[in-house]
1. Which of the trypsin sites (Lys or Arg not before Pro) found in segment 276-370 are in a DSSP loop and have at most 11 neighbouring Cβ atoms, other than their own, within 10 Å?
2. What ranking of Leu554, Leu352, Leu737 emerges when the number of other C-beta atoms within 10 Å of each C-beta is taken as an exposure proxy, fewest first?
3. Quote the charge dipole size of the chain about the Cα centre in Debye, to the nearest 20; the model charges only the Cβ of Lys and Arg (+1) and of Asp and Glu (-1).
4. Going by average Cβ density within 10 Å per residue, which order do the peptides 480-488, 363-371 take, highest to lowest?
5. Counting alpha carbon pairs within less than 8 Å and at least 6 residues apart, what relative contact order, in whole percent, applies to the chain?
6. Filter the chymotrypsin sites (Phe, Trp or Tyr not before Pro) in segment 406-503 to those in DSSP coil with at most 12 other Cβ atoms within 10 Å of their Cβ, and list the result.
7. For Asp329 paired with Glu434, estimate the spin-label separation in nm (one decimal), with each label point 7 Å from Cα along the Cα-to-Cβ line.
8. Cut-off under 18 Å on the C-alpha distance; same-chain residues fewer than 8 positions from Lys644 excluded. Which lysines are left, in chain and number order?
Amino acid sequence: MATTKTDPKLAASVGSSHKPAGNYEGLSREQLIEFYRFMYMSRRVDDREISLKRQQKIFFQISGAGHEAIGVAAAFTLKAGYDWFFPYYRDRALCLALGATPYEMLLQGVGAAADPSSGGRQMPSHWSYPKLNIVTQSSCTGTQILHAVGCAEVARYAKAHPQAMQKAAGDYREFKEVASHEDEVTYVSLGDGTTSEGEFWESLNIASIRKLPVVFCVQDNEYAISVPVEVQTAGGNISRLVKDFPNFHFEEVDGTDPVASYAAFRRAVSHCRAGDGPAFVHAHVIRQYSHSFSDDEKLYRPEAERQRDTDHDPVHRTQMFLIREGILDANGVNRLEKQVDDDLQIAVDQALNAEPPRPESVTQFVYSPDLDPASSAFESEPAPVNPEHAHNGKKGSAPKTTADMINTVLHDEMKRDERIVMFGEDIADCSREEYLEKRLVKGKGGVFKLTFGLQCEFGSDRVFNSPIAEASIVGRATGMAMRGLKPVVEIQFFDYIWPAMMQMRNELSVIRWRSNNGFSAPCVIRVPIGGYLTGGAIYHSQCGESIFTHIPGLRVVFPSNALDAAGLLRTAIRCDDPVLFLEHKRLYRESYGRAPYLGPDYTVPFGKAKIVQAGSDVSVITYGAVVPRALQAAQKLEREHGIKIELIDLRTLNPFDWETIAASVQKTSRALVAYEDSLSWGYGAEIAARIGSELFEHLDAPVKRVAATDTFVAYQPILEDTILPQTADLYRAMKELAEF
Ligand SMILES: Cc1ncc(C[n+]2csc(CCOP(=O)(O)OP(=O)(O)O)c2C)c(N)n1
Ligand SMILES: [Mg+2]
């Protein structure tokens, strides 16, 4: 809780009654006054914001009215800057009681440059106060719960790996410390409606399995905008549905009662602090106003029902309680309220005069301002091949497949950086460790075996299996990365990345930007991608990289050979941004692109294409599994017709190497963009458009594209061949362009 600020004059009113001190569950009379002060302050900030919105001086309003008591109760049992907080938009009272000020909140309302939560980038009530460990939140219902779970895993890891937590020079660790406390607790809150989200259930499951110190606070106001709880939650009561999750401590409480709320929270927090597992506080609260300023609850709630809520208004109730108990008299209440009102008036006046952000600042903090993965920091001289560098029984001098190479890099990076943790579906060698210890099994290490041997070497707390819940893989990784760990997680197949899309689009990629660099979550998501599998069909052949390159804040890498995979994966791990690392399944064990291992420090900067073969007649711009196919076509064309193709492998898709493309097209005046994904709206569409608009005067032919049909990928090989771009298609297009 924030430090107490009781006015000395007010204190004179304390205890003015002759009543004996009651039992307030350990809360002193002074604390109860503070409790009320924060509740009243929260309500008054809401009311002022509502009037500012009416005057068009702020642009959005959502209130915490009715949720104040449970919020202050939580703050009074937890420690700002020590415990961790993933609040939702109704948690104004919690944030105030933890130490945020009305002025700071109003700065977000007006969208000021000095808004500490987002620098004018997020709506009000989207709390983010790094100093207090209040973590940036989005508008999505439920995404924060997985971050809380990931966050709660950090202290235990830090205890087991104390040396990992120190800052280290030369990579992302230079910019993020892992500060943790052994008995820290993570708070996360959500509404009753949000318990319908899958991410809620994924979070409960993981917190329960791993006995994590998370307090889940469900603030049940019986409505999700206009949808009542019985339509949202089977049986109408979430406590009944979750009661069998193991390791939990459960509380169901009247969240408008300050003392009962405090008692419930104290028990819940002590269960978590003791390391006994998570806790679930189901607080019945009221929604005093409409859902937000944009909603009119009279359209779906009759007068009598709204009056019933008003009768339970926690602010009024707490005020009456203080008077009834003789803790404050009417005079004392008036003085307290006037003090809050006067302070608030000053805060409003100041906020309305605050400077707006500079328009040029919009591009700041999309990516790390500290470490650019495209910079020369990631250029490296390949070390001489070391025949003694054996891994998984293979000598360093032997050419490695892409699969072996990735496994070796993961191994060497884990050795170098103890902050790296890996999880995903089937990625461990064997979850039942005793089978490994007794040498009953060899271990799996991923469906493609890319993580084989890592659990055995680095331990089960660094490499472990996760439930089949893709949102949770990315959401947990985000929570861990925010705290300074480096999760390198795997989504088993690109085809199944979609449940994680919300986490990638609305959370992971935008955390740095929306918090104005207050928080960041650099981590790596490795994903096997692509087709040409002969039988891969619809659900094991997908590409779709352009959907992710369309997301600002996310780096996207797509190597075509073992050496690039090694250098780029290392850069991905060491850099300070979130990276989607796409690994083409067909290339994993291909003889094309095998290479010897170039040492544990070989890195390749992002945004630097490779000219696979130089030529003067046509520029072919491609990446991934189309590279070897285009190379074959180019070689045949040269053999048969003397046409010289310049073949460019982009290697990374965000950032991408425009300079190399432009220089090549200026030289050849002809461009073919080729990609495996379906043609329309694919990644090459952007490249083709850029060439068309920026290099028009250099072109002697229209920009051509070769890609898959605008269908899905079919199972029968004849269909698969028809759908995916083949060497013959590339050959034909190159020839047509050269002859245009
Ligand atoms: C994923 C997602 N879906 C829909 C919305 C729109 N939305 C915002 S708040 C809300 C209702 C949430 O209800 P509840 O969880 O009960 O919280 P309350 O507002 O009642 O406190 C909805 C549907 C959203 N923000 N995010
Ligand atoms: Mg609700």
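1. Sparse-neighbourhood loop trypsin sites (Lys or Arg not before Pro): none present.
2. Fewest-to-most ranking of Leu554, Leu352, Leu737: Leu352, Leu554, Leu737.
3. Values: 79 positive and 97 negative charges, 205 e Å.
For the chain, the charge dipole is close to 980 debye.
4. Details: 480-488: 26.3, 363-371: 16.6.
Ranking the peptides 480-488, 363-371 by packing returns 480-488, 363-371.
5. On the way: 1630 pairs, mean separation 90.2, N = 740.
Contact order relative to length: 12 percent.
6. Working: sites: Phe423, Tyr435, Phe448, Phe452, Phe458, Phe464, Phe493, Phe494, Tyr496; in loops: Phe448, Phe452, Phe493.
Taking segment 406-503 and a limit of 12 other Cβ atoms within 10 Å, no loop chymotrypsin sites (Phe, Trp or Tyr not before Pro) are found.
7. That separation, rounded to one decimal, is 7.1 nm.
8. Straight-line reach from Lys644, under 18 Å: Lys610, Lys636, Lys667, Lys704, Lys735.
Any read-out appearing in this document is the output of simple, stated calculations on the displayed coordinates, not a laboratory observation. As the structure is a prediction and not an experimental result, all values here were calculated from the model. Counting neighbours? That spans all protein chains shown, and the Cβs are built from the backbone with ideal geometry, glycine included.
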